[in-house]
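Q: The structure that follows is given in the form of C-alpha cells.
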Amino acid sequence: MITITKKDLIELGYGTSFSADIIKKAKELMVTKGHTYYESRKLDRVPREAVEEILGINFSDKNRSD
C-alpha cells in the first residue's frame with residue numbers, strides 16, 4: 001500500500017493547513033470504512049487511495065508499468 005503524509009502533500013504544492021485538512025479527512029474516511037487504526041491522533045500517514053478519493057484526482061505513479 002502506498003501512503004501519503006502531510007509533508008508529501010506540501011511537496012506537491014498544497015498549503016500547510018490544506019495538507020493537514022486532507023490528511024484529517026482521509027483518516028476520517030478510513031475510519032468510516034472500518035479501519036479503526038486511523039483513529040490514532042499520532043498517525044500522520046494515510047493510503048494514497050484515500051487522498052485521491054477526497055481530492056477527486058489520481059496521482060501519477062512513477063513506478064507503475066501499465
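Q: Please go through (1) surrounded by 13 or more Cβ atoms within 10 Å (Cβ to Cβ); (2) in contact (Cβ under 8 Å) with a residue 24 or more places away in the chain for ILE2 and return the number of the only condition it doesn't satisfy.
A: (1)
Q: Moving on. Mind listing whichever residues of region 1-31 are among the hydrophobic types (A, V, I, L, M, F, W, C) and in a strand (DSSP E or B)?
A: Correct list: ILE4 only.
Q: Is it the case that GLY34 is among the small types (Gly, Ala, Ser), in a loop (DSSP other than H, G, I, E, B) and closer than 23 Å to SER60 by Cβ?
A: Considered against the rule, which asks whether it is among the small types (Gly, Ala, Ser), in a loop (DSSP other than H, G, I, E, B) and closer than 23 Å to SER60 by Cβ, GLY34 comes out as no.
Q: Out of the residues in region 30-66 that are open to solvent by less than 60 Å² (accessible area, probe 1.4 Å) and farther than 19 Å from ALA20 by Cα, which is modelled with the highest pLDDT?
A: Restricting to residues being open to solvent by less than 60 Å² (accessible area, probe 1.4 Å) and farther than 19 Å from ALA20 by Cα, the top hit is GLY34.
Q: Now for a separate question. Scan region 38-58 for residues that are free of Cβ contacts under 8 Å to residues at least 40 places away in the same chain and in contact with a helix residue (DSSP H, G or I) (Cβ under 8 Å, 6 or more places away or on another chain) and report the count.
A: Adding up the residues that qualify gives 9.
The values are calculated or read from the model by the stated rules, or taken from the named source; none is laboratory data. The structure displayed is predicted, hence computed values, not measured ones. A quick note on method: Cβ atoms are made from the backbone with ideal geometry, for glycine too, and the neighbour counts reach across all protein chains shown. Protein only, heavy atoms only, side chains kept; ligands, DNA and RNA dropped before computing areas. Shrake-Rupley method; radii C 1.70, N 1.55, O 1.52, S 1.80 Å.
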